[in-house]
Amino acid sequence: VSTETLHVQLRKPVEAKLANGVTVLILEDHRLPIVLTEFHLRSAGALFEPGASAGLASATAEMLREGTDKRTSRQIAEELDRLGAAMGAGADFGSSETIFTASGLSENLDAWFSLAVEVLLRPSFPVAELNRLKERAKVQLRQQRAAPRFLAGERFNRAVFGDHPAAVVSATIESINALTPELLKKWHQERYVPANSLLAVAGDV
């Protein structure tokens, strides 16, 4: 490693701990009029799923954008397009957290960040959208199970982790069929909590 690399000084973010338990990290960078945010929900990952509910964390994350108590999926998409913003969420198998991301221009930060808060905290999990997600998930599962590489990885994880939740690498047809709006709402209510979560903000803010 060169001596020049060893002397690089990375900027440190401003850090604060909110009363509700969220840690906030803010790194200012005013070179571009863009703000990036990531919210790490450290207790909402697939490692915490009940044994018969593989895919619950991922489905909950994917369904966040499909409707809130105020907007439909289409209205959310149209508003994001109008604001020039983007957002998404994911909960990978083997992970202990769900990661929710949102980004957009600094000039309308208040508008798209408010929408992100609405999507994150007040999802409605509409039945029609969930049924479409379940159909897509079952097609994807059939494709995965036809791939030797996926099957080898599944066997490897089972050999390494045994009965630990980290051994689970995908949902099953049974666990997908069992998904209901009520199940997703319960998971969201219990797991999407501020305690031990992390909000990272970077950019022109």
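Data for the structure
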| quantity | calculated |
| --- | --- |
| Per residue convex hull volume, Cα atoms of the chain, in Å³ | 168 |
| Pair Gln75, Arg31: separation of 7 Å Cα→Cβ label points (nm) | 4.0 |
| Amide proton proximity set for Leu179, modelled H, under 5 Å, gap of 5+ | none |
| Carbon and sulfur %, accessible surface of the chain computed with the full protein complex present, 1.4 Å | 56 |
| The chain - accessible surface per residue (Å², probe 1.4 Å) | 59 |
| Partners for Lys70 among lysines (Cα-Cα distance below 26 Å; same-chain residues under 8 apart left out) | Lys134, Lys185, Lys186 |
| Neighbour cut-off at most 12 other Cβ (10 Å), DSSP loop, trypsin sites (Lys or Arg not before Pro), the stretch 64-134 | Lys70 |
| Ellipsoid semi-axes in whole angstrom, largest first, where each is sqrt(5λ) of the Cα gyration tensor of the stretch 122-205 | 28, 21, 15 |
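The values are calculated or read from the model by the stated rules, or taken from the named source; none is laboratory data. Everything quoted here is computed from the prediction, not taken from an experiment. Because the Cβ atoms are built from the backbone with ideal geometry, glycine has one as well, and the counts that use them run over all protein chains shown. Just so you know, the surface numbers come from the protein's heavy atoms only, side chains and all, with ligands and any DNA or RNA stripped out. Shrake-Rupley method; radii C 1.70, N 1.55, O 1.52, S 1.80 Å.
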